[in-house]
1. Go through (1) closer than 24 Å to Gly239 by Cβ; (2) at pLDDT below 90; (3) not small (Gly, Ala, Ser) and name the single condition Thr183 misses.
2. Answer with yes or no whether Gly191 is loosely packed, with under 11 Cβ neighbours inside 10 Å and modelled with pLDDT of 75 or more.
3. Mind telling me which of the residues Ala51, Ala42, Ala77, Ala72 ends up being more than 19 Å from Leu108 (Cα to Cα) and open to solvent by less than 50 Å² (accessible area, probe 1.4 Å)?
4. Would you mind stating whether Leu6 is open to solvent by 80 Å² or more (accessible area, probe 1.4 Å) and aliphatic (A, V, I, L, M)?
5. So which residues in the stretch 70-128 are of a type in the set (Gly, Ala, Ser) and within 16 Å of Ile14 (Cβ to Cβ)?
6. Among residues belonging to the stretch 151-180 that are modelled with pLDDT under 85 and open to solvent by 80 Å² or more (accessible area, probe 1.4 Å), point out the one that is nearest to Arg242 (Cα to Cα).
7. From Arg89, Arg63, Arg56, grab the single residue that is open to solvent by 50 Å² or more (accessible area, probe 1.4 Å), farther than 21 Å from Pro117 by Cα and touching a residue at least 12 places away in the same chain (Cβ under 8 Å).
8. Can you name every residue in the stretch 92-143 that is aliphatic (A, V, I, L, M), in contact with a Pro (Cβ under 8 Å, 6 or more places away or on another chain) and outside any helix (DSSP H, G or I)?
Amino acid sequence: MWLGVLHAGPGALIGGLSAGEVHGLKNWHRDEVTVLVPYADAVPTPIEGIAYIRTRRDLARMRARGRDLPTAQLEPAILLFAAAERSDRTAQGVLAACVQQQLTSPELLKDWLGRLPRLRRAPVLRRAIADMVGGAQSLAEMDVKRMCRTYRLAQPDRQVKRRDAGGRLRYTDCEWRLPDGRTLILEIDGGFHMDVEQWEDDLARQRALSSTDRLIVRCTSREVRDEPERVARDLRLLGVPRAA
């Protein structure tokens, strides 16, 4: 990263997911380092493993304070990355990850979105941030919120604190209070849950959270994204009430 910004000259900043990693973002690593350079400057001669991106935006205003390595603040760095991404889902996912990992807030992202005029994909990013303001802290949870809205199911409580059988504090993804007094918990598994050790941990977690008045069901993030009608149908059959 130091090589990238020093080679680019004054005014250059670490940006994109590289800046996200500097600020603590996990599980979004890319081997290629992103460096933002002022548009007025010539593109630096290529260096393998470094992507130079020219921008007309005010890099001095974006620079993070208190860091020796010239780095963009998390919010503009991630928003510019999301705007340039080809996939809407990746763009929304990285915003959700930053909020879920408590590196920023929907309010700060919304503020920076307004300070970056003519940003590509701004309506998509604005909707994603609005969903996060409503409490959805991961992309899968945002998909659940949209599913409930589309199929007229009651919105769940999210990230509910629970003590498992061993006294350990856990957070459930989504919960509904059923008409018979029981609680239905929906746990959403991402791709990393296919790892054998993670899968076994999830099974142990489910056992420890289960009780006579608590029903736990699982689905994958892909199902919520691509087959929401099936998930909604199953939830309705299990007793999840319709939206008011």
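1. If we test Thr183 against (1) closer than 24 Å to Gly239 by Cβ; (2) at pLDDT below 90; (3) not small (Gly, Ala, Ser), just (2) comes out false.
2. no
3. Details: Ala42 fails: open to solvent by less than 50 Å² (accessible area, probe 1.4 Å); Ala77 fails: more than 19 Å from Leu108 (Cα to Cα); Ala72 fails: more than 19 Å from Leu108 (Cα to Cα).
Every option except Ala51 fails the conditions.
4. yes
5. Selection gives Ala72, Ala77, Ala84.
6. Step by step, filter the stretch 151-180, then rank; the result is Tyr171.
7. Arg89
8. Passing the criteria: only Leu116.
The values are calculated or read from the model by the stated rules, or taken from the named source; none is laboratory data. Everything numeric here is computed off the predicted structure, so don't read it as measured data. Cβ coordinates were reconstructed from backbone atoms using ideal geometry, including for glycine residues, and neighbour counts include every protein chain displayed. What goes into the accessible areas is simple: the full protein's heavy atoms, side chains included, and nothing from ligands, DNA or RNA. Shrake-Rupley method; radii C 1.70, N 1.55, O 1.52, S 1.80 Å.
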